[in-house]
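Readers should treat all values here as calculations from the given coordinates under stated rules, not as data from a laboratory. Because the structure is a prediction, the values reported are computed rather than measured. Cβ atoms come from the backbone with ideal geometry, glycine included; neighbour counts cover every protein chain shown.
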Amino acid sequence: MEYIYAALLLDAAGKEVTEENLKNIVKAAGMEPDEARIKAIVASLKGVNIKDIIKNAQTMQVAPQQAAAGTASKAEEKKPEESKKSEEEAAGGLASLFG
């Protein structure tokens, strides 16, 4: 994961994601760089626009949250009246302790 973070840091700084740059960041963080992982990250990010991927990932996460909110409101609508009454009774019982 630290190699992904290093690549994101390089991209945010406007630097090229190269083996040497990744190695320097990992070393600066106090870790021993793994040459194989560095090569794999650089190869997988070749020709990839990281900013576009992040931008698209943020918009993709919004849709499931909205869908979940819609599902939650439907679930609340289907609650039986008995459970609402028992919640009110419990709240009234607790209020008597403080009043």
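In debye, nearest 20, what is the charge dipole magnitude of region 1-48 about its Cα centre with +1 on Lys and Arg Cβ and -1 on Asp and Glu Cβ, if you could check? List each step's numbers first, then the result.
Numbers: 6 positive and 8 negative charges, 16 e Å.
Using Cβ point charges on Lys, Arg, Asp and Glu, region 1-48 gives about 80 debye.
What are the ³J(HN,Hα) values, in whole Hz, obtained from phi via the Karplus relation 6.51 cos²θ - 1.76 cosθ + 1.60 with θ = phi - 60°, for each residue of region 25-37 in sequence order, with x given for Gly and Pro?
Working through the residues one at a time gives 5, 4, 5, 5, 7, x, 10, 8, x, 9, 4, 5, 5 Hz.
Determine the sum of side-chain charges near LEU22: Lys and Arg each +1, Asp and Glu each -1, restricted to other residues whose C-beta is under 14 angstrom from that of LEU22. Don't jump to the answer; show the numbers that get you there.
Numbers: positive: LYS15, LYS23, LYS27, ARG37, LYS39, LYS46; negative: GLU2, ASP11, GLU16, GLU19, GLU20, GLU32, ASP34, GLU35.
So the surrounding residues net to -2.
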